[in-house]
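Throughout, read-outs are computed from the coordinates displayed, never taken from laboratory work. Predicted model, so just to flag it, every value in this text is computed and none were measured. No Cβ is skipped: glycine too gets one built from the backbone with ideal geometry, and neighbour counts run over all protein chains shown.
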Amino acid sequence: MRKIVPFLTLNLTVVISILLLRMPSLGYQEPSSPECQVQKWDIPVSLTSTSNQKTPSAILIQRLPITCCQNDTSCLDEVLYQGEKGQLPNKKSLLTAINRSLQYLQTTNADAAYKKYQSQGITRDRVLKSLQRFRQLLINTNSAAELHTAIEREFVFYQSIGHDRKGSVLFTAYYEPLYVASRVPTAEYRYPIYKLPANLGSWSKPHPTRLELEGADGLQGAKGKLRGLELFWFRDRLEPYLAQIQGSARLQLTDGTQTTVGYAGNTAYNYRSMGRELANDGKLPLEGITMPIILDYFHKYPQELNVYIPRDRSFVFFQENKGAPAQGSINQPLTAERSIATDKSLMPPGALALIRADIPFADATGKLEHRIVSRYVLDQDAGGAIKGPGRVDYFLGTGKLAGDRAGVTVSNGQLFYLLLKEVPKNKLSNAEK
């Protein structure tokens with residue numbers, strides 16, 4: 001979806017949730033045995049007592065895979081083989097995401113990234129071989145339990161220390177919105193998104209703020225540096241701004257065609273959450289803010305958009321991708337439910353991971369229900385607010401349902417990277433040497 005470090009691939013709950021929300025406990029879905037409580041997923045004290053938090057090697061702690069307890073289905077990625085509530089199994093989507101990471105790992109970009117990567121024992125070659133072996137196991141196994149057993153036998157886990165050094169990671173989610181837009185401005189379609197200025201690199205710093213670039217009402221861009229850079233126009237003042245937050249969008253155009261837009265660059269400011277600003281001003285309660293609550297507020301008070309959008313000084317530019325799917329920071333398309341964004345200064349790009357978190361799903365009536373699940377994912381993206389070892393943003397796909405789910409995704413969980421066990425050199429066969 002984006003190419004460089006200061007990405008803005010997040011929904012409004014990302015920053016809000018860090019500072020304003022009390023995180024839901026993962027203990028509500030209580031396994032039968034005490035050993036299967038959430039503490040089972042924490043990093044053992046014995047593994048952290050000797051590590052130095054300030055060193056890169058302490059960000060990921062090596063441990064054995066976690067053995068599933070009897071009747072604890074949250075330990076297994078069952079949808080790979082039986083699907084989600086009547087849907088087809090999604091092994092194919094995971095294989096797609098794996099293939100995209102394999103393509104990335106064989107590029108010069110990956111080679112350069114891993115030469116800079118400092119976590120001990122995690123190299124591009126090991127990540128590549130681990131992913132190739134996992135792909136074989138995925139193809140050849142017939143159940144989630146069988147796959148898990150094979151992983152226990154052949155892999156080790158590198159668990160993120162999280163935000164508490166016990167392994168707790170804050171999960172949020174993002175998506176690709178679907179909007180109606182026009183290629184030309186009209187009386188109805190007035191609010192533009194913009195192409196990347198060719199001379200952005202020569203802009204003096206500090207860069208112009210959002211208010212200086214487009215005005216409080218979002219309609220003044222043609223009077224300044226954004227003139228002639230308009231790409232598409234929207235009816236709703238909020239839509240182009242939300243597209244900037246998500247970093248991409250799929251557009252249904254007024255001429256009957258569809259296209260997509262993706263991140264092309266941004267100004268040198270950190271993102272500021274409207275939700276947090278609303279809470280600071282006492283317009284919304286500090287606790288329990290979600291995307292639906294924020295949207296409902298602005299539907300009731302649309303004039304307030306001209307107050308709160310300009311408070312976010314950052315500004316994102318787009319490129320038309322002509323229908324291509326949203327791309328991650330490794331320049332590969334994202335896969336719904338199988339791609340995550342992390343801090344790429346700390347986490348291995350393109351690597352295979354296992355996440356365990358409280359994720360919302362739609363039931364048969366469309367109502368969202370939360371469940372603790374485990375999912376194998378690929379680390380393929382980054383985000384402007386996704387910083388540190390205790391943050392993951394989970395890509396949920398395209399459209400309204402994905403947006404509804406992303407807007408209420410906020411929970412503490414765990415993040416593990418899966419790597420093949422290292423074989424001591426003195427045990428290698430002649431052929432392997």
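Here the Karplus curve 6.51 cos²θ - 1.76 cosθ + 1.60, taken at θ = phi - 60°, turns the phi angles of the range 140-157 into couplings of 8, 8, 10, 7, 5, 5, 5, 5, 4, 4, 5, 5, 4, 6, 10, 10, 10, 9 Hz, with x standing for Gly and Pro.
The lysine pair count for the range 176-320, using Cα distances under 25 Å and pairs eight or more places apart or on different chains, is 6.
Each of G201, V180, A112 was scored by the projection of its Cα onto the charge dipole of the range 57-203, and the greatest displacement toward the positive side belongs to G201; charges sit on the C-beta of Lys, Arg, Asp and Glu.
The order of W41, W203, going from fewest to most other C-beta atoms within 10 Å of their C-beta, is W203, W41.
In order along the range 273-282, the Karplus-derived 3J(HN,Hα) couplings, from 6.51 cos²θ - 1.76 cosθ + 1.60 at θ = phi - 60°, round to 6, 5, x, 5, 5, 4, 5, 4, 8, x Hz, and Gly and Pro are given as x. How would the range 176-320 be classified by its alpha-carbon gyration tensor: rounded, prolate or oblate, with rounded meaning a/c under 1.5 and the a/b versus b/c comparison settling the rest? Oblate. Applying 1/(1 + (r/R0)^6) with R0 = 22 Å to the Cβ-Cβ distance of D296 and K166 gives a FRET efficiency near 0.05.
Tell me whether the range 245-299 comes out rounded, prolate or oblate; compute the Cα gyration tensor, take square roots of the eigenvalues as a ≥ b ≥ c, and use a/c under 1.5 as the rounded threshold. Cα axes put the range 245-299 in the oblate bin. Taking every alpha-carbon pair under 8 Å whose residues sit at least 6 apart, the range 152-268 reaches a relative contact order of 34 percent. Amide hydrogen proximity for L419: with H placed 1.01 Å from N in the peptide plane, the residues at 5 or more positions away or on another chain lying under 5 Å are V156, Y158. FRET efficiency for the pair S345 and A145, taken as 1/(1 + (r/R0)^6) with r the Cβ-Cβ distance and R0 = 41 Å, rounds to 0.70. Highest mean packing first, where packing is the average number of other Cβ atoms within 10 Å per residue, the peptides 131-140, 280-289 line up as 131-140, 280-289. Short-range pairs are left out: with C-alpha atoms under 8 Å and at least six residues apart, the relative contact order of the range 307-433 is 30 percent. Computed about the Cα centre, the dipole magnitude for the range 53-163 is approximately 500 debye when only Lys and Arg (+1) and Asp and Glu (-1) carry charge, each at its Cβ. Which percent, to the nearest 5, of DSSP beta bridges fully inside the range 176-320 are antiparallel? Percentage antiparallel, nearest 5: 75. Amide H to amide H, with H built 1.01 Å from N, G397 comes under 5 Å of E176, E337, counting only residues 5 or more places away or on other chains.
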